[in-house]
Amino acid sequence: MRYTRASVEEDGRYLASTAVLMSEIIKTIICLGFLYAYLPRKQRSFTQLMAMLHRELIVQWRQSIKFSFPAILYLVQNNLQYIAATHLDAATFQVTYQLKILTTALFSVTMLNRSLSHRQWFALGLLTFGIGLVVLPRGSSSIEAGEPTLGNQSSVQGILTVMIACMLSGLAGVYFEKIIKAPAVRQAPSEDEERQKEAKKEDHANAEASQLWIGNIQLSFFSVILGLVFVVALQDGPVILEKGFFANYNVLTWVVIGIQASGGLIVALVVKHADSILKGFATSISILLSSLISVCVFGTTVSSLFISGALLVIYATYLYGLQ
């Protein structure tokens, strides 16, 4: 993301709002594919898929409307990520963006009544510090190696932007977790349904799994609508009319969009089966792995700060998971 935004002058950049919107559209298409695959075999058809979407989005609109709030938060957060990545070097962006782990923990405690021990809070702080030690040395070397920079970058604007994005990320992630893990309201099963329970075990499992994809479709639905109206039309409408929706797109732009779309779905899977804080730890470990890959592939020098930070991240992950 950083390279695609900072390697060209401002007039040659693609619009962040259109990239965010395309990411949500791709995510919706993928979710529709999974949802279709989870339909009962005897009912698997395009008509049945449309009927399910009509029921979930229109008929049960009170449940569906709950996804509009995190959709707004994610929409703003994703746009802020592009802005922050434009104004900050990669190292600073990665380090400061890890503060979303702490904001996620705070919102988890307040919104989900989740209790964290003193050890877990210590692990959160240790993790953030360790990530800083890992990434900062890379930032120095990357700048010396000629990382793309622009004269109109503003570090203050970039840091403020990423701070707001961290707050929105924590709030949106926890709120989405609360919705996606809420028990579904079901009618009491009849005697016939009880007798048929074993025979329908596979279909029941598919129905449970499909709820995750339905939730993502509901989330993406509101993100696409709100993105079209408020971000694309109102914010960048004149530029789009002049240059086109896909102005300055290239292969790397589509790669970034694809990564953002797939990353959002993976995050949803993690939140469904784990929690938002563990999602943050997984993200941090991925940064550590990317650093190790850079060492192997590009021959980046490993400093003592990198080794210290790596050990802190591993220990913090172990410490947080202790029962």
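The values are calculated or read from the model by the stated rules, or taken from the named source; none is laboratory data. Small disclaimer: the values here were computed from a predicted structure and weren't measured. All Cβ positions, even for glycine, are placed from backbone atoms using ideal geometry, and neighbour counts span all protein chains on display.
For this structure, a couple of remarks:
- Cβ-Cβ contacts under 6 Å between residues 6 or more apart (or on different chains), taken from a first residue in segment 51-62 that is within 19 Å of residue 223 (Cβ to Cβ) to a second residue that is surrounded by 13 or more Cβ atoms within 10 Å (Cβ to Cβ) and among the small types (Gly, Ala, Ser), are listed as 57/64.
- Considered as a group, the residues in segment 217-246 that are at pLDDT below 80 and under 23 Å from residue 179 (Cβ atoms) include one that is surrounded by the fewest Cβ atoms within 10 Å (Cβ to Cβ), and that residue is 230.
- Within segment 294-323, the set of residues being at pLDDT below 70 and aromatic (Phe, Trp, Tyr) comprises 298 only.
- Screening the candidates 14, 36, 82 for the property of being modelled with pLDDT of 80 or more and part of a loop (DSSP other than H, G, I, E, B) yields one hit, 14.
- Scanning segment 114-128 for residues that are farther than 22 Å from residue 175 by Cα and surrounded by fewer than 17 Cβ atoms within 10 Å (Cβ to Cβ) yields 118, 119, 122, 125.
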